[in-house]
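Working notes, structure below.
What follows is calculated from the coordinates using simple rules that are stated; it is not laboratory data. Because the structure is predicted, anything quoted here is derived from the model rather than measured. Don't worry about glycine lacking a Cβ; one is built from the backbone with ideal geometry, like all the others, and counts go over all protein chains shown.
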Amino acid sequence: MPQPRNVVSVGVGSGEEMHAAINMYAGGSVVVHGLDVSPSALMHSHEYLAKYGLRGVLTEGSATGMPYPPESIDVFIFSAIMHEIYSYVPDGRQAWAKAISEIAQKTSPGGVLLLRDFAAPNHEGYTRLLFKSRIAADFYHYFSREFRAFAVTSDQMRESMLDRRSGNDSYLPRVTAFEESVRLPTTAAAEVLLHFKNFCDHVNRGFTNLDDVTWKELNEVYLPPDPFVPGFYPMSQSAYVEQIEMLMSCALRGTPYSMTCVENGRSTRPNHAAFLAQHFHAEYPDLPLSSEEVIAGFTCKMELVFSKTSSR
Ligand SMILES: C[S@@+](CC[C@H](N)C(=O)[O-])C[C@H]1O[C@@H](n2cnc3c(N)ncnc32)[C@H](O)[C@@H]1O
C-alpha cells in the first residue's frame with residue numbers, strides 16, 4: 001500500500017513492527033496503531049517508541065474483538081500472534097476463527113493483512129531425531145512429560161496437549177540417554193525443536209527453573225492446528241491459507257468484497273537452524289534430505305499477504 005491512512009500492529013509485543021511501519025511511511029499522514037491484550041507489552045512498546053522519539057496509538061484490546069469500525073483499517077500486521085490466539089484459551093480454535101472474521105470485516109476495501117507465524121514443515125510423515133547434546137536430551141525428556149501439562153485449567157485444555165497428536169501414544173516417546181533416538185510425527189518433532197530454541201533463549205536470559213509456571217511459552221502451540229482434526233494436529237501451510245480464506249469469505253458474505261492470499265511465502269531463519277543443528281540430528285526416513293535441510297524446514301516462518309478487493 002503506497003499511502004495507507006492507518007496501520008495496526010496486532011499483538012504489538014515490544015513495538016518493533018510499529019517502528020518499521022512509522023519509518024516506512026515517514027513524511028506521510030499515516031497513523032500507526034498497536035493493539036495488545038497485555039498491558040506490559042503496551043508499556044514496553046510505549047517505552048521503545050519513546051526511545052526513538054516516535055509516536056503511535058497504543059490500545060489495550062484483543063484480536064478477537066478489535067476496537068475499530070468496520071472497513072476502517074488499511075493495513076493489519078499480525079506477526080507471531082496467531083499461534084498465541086489459539087494457545088491461551090480453552091476454545092482456541094473459535095478464538096482464531098473470530099480473529100480472522102474480525103480482520104475480514106475491519107479491513108478497508110483495498111486494504112491488506114500481513115500475517116507471519118511459525119510454519120509446519122511440508123512433510124506428512126515421521127522424523128527420526130537424535131540428540132547431539134545432553135541438554136537437548138534432557139529438554140526432550142522434560143518436554144515429553146510436561147509439555148502443556150501446566151496451565152491445563154479445564155478438560156478442553158487437556159484436549160489440546162501435544163500427546164494427543166502422536167497417534168496412540170499417550171505421551172511422546174521417552175528417552176533415557178542422549179545417545180538414543182526417537183521417531184515422531186514430523187510436526188511434533190518441529191514443535192519440540194522450536195520449543196527447545198525458545199527454552200535456550202530463556203536460559204540465556206538467566207532463566208533456570210524449568211518448573212516455573214510463568215514460563216508461558218511452554219504451553220504454547222506453535223504450529224497452526226487443523227480446526228477439523230481432534231487434538232492439535234498441525235495443518236500444512238496451504239491448508240492453513242485455505243482455512244483462513246474460507247473463514248474470511250464467510251465473514252464477508254453479503255458484502256461486495258472478498259479477501260484472498262496474494263503472497264504466500266516462507267522465510268528461513270538460518271541462525272535458528274544452525275543453532276538447532278548443534279543439538280539435534282534429524283532425518284526423514286522416506287526422503288534423502290540432510291539433517292541441516294530437515295532442520296531448516298522446521299525453523300521457517302510463513303509470510304502471507306491477504307488483500308481485500310471487490311468480488312464482482
Ligand atoms: C510473540 S509476541 C509477538 C510480538 C511482535 N508482534 C513480534 O512479531 O515480535 C505476541 C504478542 O501477542 C499478544 N497477544 C496474544 N494474544 C492476543 C490477542 N488475543 N489479542 C491481542 N494481542 C494478543 C501477546 O500479549 C504478545 O505481546
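Per-residue packing, averaged as other Cβ atoms within 10 Å, sorts the ranges 110-122, 234-246 into the order 110-122, 234-246, beginning with the highest. Model label sites at ALA80 and GLU16, defined 7 Å from Cα along the beta-carbon direction, differ in position by 0.5 nm. Using the Cβ-Cβ distance between ALA274 and HIS44 with R0 set to 25 Å, the FRET efficiency from 1/(1 + (r/R0)^6) comes to roughly 0.30.
Distance between the modelled labels on LEU287 and GLN3, one decimal in nanometres: 4.6 nm (7 Å Cα→Cβ projection). Taking a Cβ cut-off of under 14 Å around SER236, the surrounding Lys, Arg, Asp and Glu residues balance to a net charge of -3, with basic ones at +1 and acidic ones at -1. Using a simple spin-label model with pseudo-atoms 7 Å out from Cα toward Cβ, GLU71 and SER307 lie 1.9 nm apart.
If the viscosity is 0.890 mPa s and the temperature 25 °C, what Stokes-Einstein diffusion coefficient in µm²/s follows for region 1-122 when Rh is the Kirkwood radius over Cα pairs? In µm²/s, the coefficient rounds to 168. Of the two radii for region 36-102, the radius of gyration is 1.00 times the Kirkwood radius, both from the alpha carbons; that is the Rg over Rh value. Computed as a quarter of the hull surface, the mean projected area of the alpha carbon convex hull for region 260-312 stands at 5.2 nm². When the trypsin sites (Lys or Arg not before Pro) in region 1-75 are filtered for DSSP coil states and for at most 12 other beta-carbon atoms within 10 Å of their beta-carbon, the remaining sites are ARG55. In this structure, THR260 and GLU180 have a Cβ-Cβ separation that, at R0 = 41 Å, corresponds to a calculated FRET efficiency of about 0.30.
Entry note: region 1-51 has Rg to Rh equal to 0.98, where both radii use alpha-carbon atoms and Rh is the Kirkwood radius.
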